[in-house]
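Working notes, beginning with the structure itself.
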Amino acid sequence: MSLLTAALLAALLAACGGDTPVEEPEAPPAARRRVTTPEQQVAARHVIAAWLQCEECVDAELDTLVQLGAPLAEPTLVATLLGGPSPAALAMREHELRARHPELVEFARTHSHVSISMDRDQYVAAYLANFVALQRIRSAQGLAALRGAGAVQALRKAQVLDLRQDVREAVDEAMKQFASP
Amino acid sequence: MHFLRSRWVGFLLAATWLIVSPADASPRTYIKSICWSPEILEVDLLEVFTLPVGCELIDCCPGCPAADALDWRIRIGGKSVEAATLSFEGLADPAALKVEGAAGLTPDGVTLMRGRSQLLNLTLPEEGRAPLAGLRLRLDPDFLGHAAGSGRRDETLDVVEVSIEQMLGSVAVNEFLLRYRLKSCAVPEPCDVVKQQGKQGADDSVVLLDGRDGADVCVNDEVRRGVISTLVGNVKTKGSCTSSIVGVFSRDNAMAMLEDPPWTDTCGDEVAAALGPAWEMPVNLWLGKMIFVPDPGPIATQDLLAVNALYDENKVGIAFVEKQRKQIPTDPGTLAKVAFACQGLGELESAGLYVKDQLNVYYGPVTITGQSCDDRNMVLVGPAANNTTLAHELGHALSLHGAELEWGHSNDVPGMTPANIMWVGDSKIRTHFSLGQAFRFNVNKLSMLNKNGPRQGPERDCPPKPSETAPEPDFECPGLALDWSRP
């Protein structure tokens with residue numbers, strides 16, 4: 001966990017009344033840790049975004065999310081699982097991919113040891129789909145780790161969506177974790 | 001008890017937000033360093049930054065109401081800035097946009113002056129693509145007088161900052177901080193020269209210098225530029241300085257590194273740096289069925305292209321050349337080995353699915369984007385990888401690794417940004433290796449470039465990340481974030 005994330009989370013947890021880092025079974029279901037200030041909402045968003053966007057996830061992003069707790073993190077994870085990343089995140093990623101492809105075409109033209117295998121639309125579609133899939137996979141994994149009250153219902157809803165197979169497997173895996181004691 | 005907690009919480013929050021201002025609290029910071037010249041007054045030489053209008057997360061923030069419009073809080077600082085312009089594409093109701101503070105509406109968008117301003121009522125479409133904004137800076141022509149930039153050292157002439165917070169009511173739901181450092185990039189008076197020989201391209205090479213200068217000061221990590229000849233001022237014999245090196249980084253060429261170059265104490269030295277073609281690292285592609293992708297071959301081809309382009313654009317001097325590609329047998333046993341390839345090296349080698357002392361990249365049904373194994377010649381790529389995952393994992397293979405130093409990731413390293421390829425956990429597409437990283441890829445003993453044998457040359461043992469036990473600056477190793485001004 002980065003020092004910054006740790007500091008933000010410590011402040012957030014303390015402000016929201018969290019003495020223990022992990023959700024306790026007897027906790028009241030709704031908003032035990034209620035966000036009270038805009039700064040705390042920003043800090044919570046950064047913790048959630050760090051988990052959704054992490055790749056190797058070696059910086060304790062999931063632990064930090066669990067410390068944040070289900071009441072704060074679960075609604076965003078549910079929304080991302082069912083709806084994918086935000087329109088702004090998608091638009092930015094698409095813009096960057098679209099801008100990058102001509103540069104790769106030019107590089108391939110001038111370097112004989114590489115070649116290009118996708119046209120611009122295929123390239124944008126392939127990596128944009130991976131971007132969406134990764135955030136949905138992280139959402140499913142995050143919901144399983146948080147074990148919040150709304151997770152099972154959200155995962156069931158996801159199971160009937162037309163999801164990519166790797167996302168579907170992540171959803172099924174998350175459901176299995178709820179089945180186990 | 002609650003009272004005490006509230007007091008303590010208030011103190012902690014205040015301390016947190018004093019130490020880290022809201023803008024810096026976000027990792028979404030973009031830092032650019034550019035050399036000042038009269039030409040950059042031509043606005044086309046300053047990049048247009050594209051920003052999305054909208055929330056970072058799909059529900060904006062925990063507890064946020066649905067967003068149909070956002071306000072932007074903008075701060076522009078820097079004495080070299082005359083104005084900035086913002087143009088928008090895709091707002092639901094462009095006519096609803098209002099401005100306050102140091103801003104004015106124009107037919108094309110908004111003009112922003114230095115200081116603070118607010119854009120109100122940036123309307124979001126109910127569905128479909130999010131609007132995009134294009135930000136462009138306009139520099140003050142009168143600032144030229146401050147930019148004489150004489151002398152041997154680079155000087156920071158100005159730091160330009162543009163901070164944008166996207167607000168939903170009182171909550172920041174997305175943010176952006178651009179920081180331009182305008183440098184003088186002074187060219188020394190004619191004296192000693194580094195001359196490149198055998199150069200393949202026509203790019204402006206980067207020359208890294210350690211040594212004793214004309215004033216008998218030990219210079220560390222000085223960066224100079226030149227297509228063929230680079231003026232470096234008076235560089236003397238090493239004397240009592242710890243390090244005297246010349247490193248040359250250029251596109252399509254291997255990095256050249258001279259230790260203790262033959263400088264003399266007088267002007268007129270010409271040190272030749274012989275540049276060979278980029279070091280070739282053979283790559284073996286092992287292609288497994290990736291759950292829903294029957295043939296990952298086109299993805300592997302595309303990834304290898306992206307890797308080569310990124311390493312070349314950043315003047316690393318390494319070419320990754322496909323040696324072979326082979327489908328991995330689809331029987332479950334072999335696939336399982338590949339899925340856990342980090343633990344199945346011997347079996348993979350006997351099955352003809354691993355080549356010793358070469359890079360081996362496995363595309364398979366792993367639930368990760370990518371991974372560099374303990375055997376750094378082995379890299380896994382999963383189905384949800386992005387277009388820079390392989391470049392990132394190969395960065396680990398080239399010595400940026402080690403659990404005790406956060407795997408060589410550039411997060412939290414001062415001067416690094418989400419655009420860095422070793423940065424993890426941001427939605428920004430990564431494009432950037434620093435000069436400090438390129439140096440390590442080439443000269444570190446643990447880099448597979450040296451361990452596998454393609455490169456012969458001086459080696460160092462530079463840490464993948466600064467730490468308490470390996471603080472920077474260090475005469476042996478350039479700072480990890482040391483860099484050159486693009487382009």
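Read-outs throughout are calculated quantities, based only on the coordinates presented, and are distinct from any laboratory measurement. Treat the numbers as computed from the prediction; the structure is a model and nothing was measured. All Cβ positions, even for glycine, are placed from backbone atoms using ideal geometry, and neighbour counts span all protein chains on display.
Shape analysis of chain B places it in the oblate category; the axes a ≥ b ≥ c from the Cα gyration tensor give an a/c of at least 1.5, with a/b not above b/c. Peptide B:309-315 has a mean of 2 when you count, residue by residue, the C-beta atoms of other protein chains within 10 Å of its C-beta. Distance from the C-alpha centroid of the stretch B:169-237 to that of the stretch B:286-348: 36 Å, rounded to the whole angstrom. Only the Cβ atoms of Lys and Arg (+1) and of Asp and Glu (-1) were treated as charged; on that basis the dipole of the stretch B:192-274 about its Cα centre amounts to roughly 160 debye. Each listed q (0.09 Å⁻¹) maps to a log10 I(q)/I(0) for the stretch B:279-451 from the Debye sum over equal C-alpha point scatterers, namely -0.28. Which net charge results when you count Lys and Arg as +1 and Asp and Glu as -1 among the other residues whose beta-carbon is under 12 Å from that of residue B:349? Here the count lands on -1. All other residues whose Cβ lies under 12 angstrom from that of residue B:218 are scored, Lys and Arg at +1 and Asp and Glu at -1, for a net of -2. Computed as a quarter of the hull surface, the mean projected area of the alpha carbon convex hull for the stretch B:192-274 stands at 4.5 nm². Shielding value for B:59-70 is 6, the average number of Cβ atoms from other chains within 10 Å of each residue's Cβ.
Summing charges over neighbours of residue B:327, with a neighbour being any other residue whose Cβ is under 15 Å away from its Cβ, gives +1 when K and R count +1 and D and E count -1. Select from B:207, B:99, B:429 the residue farthest towards the positive end of the dipole of chain B; place +1 on Cβ of Lys and Arg, -1 on Cβ of Asp and Glu, and compute about the Cα centre. Value computed over the given set: B:429.
Can you tell me how the stretch A:45-159 classifies by the Cα gyration tensor, rounded, prolate or oblate, using a/c under 1.5 as the rounded cut? Prolate, since a/c reaches 1.5 and a/b exceeds b/c.
Remark: chain B carries a charge dipole of roughly 360 debye about the Cα centre, counting +1 on each Lys and Arg Cβ and -1 on each Asp and Glu Cβ.
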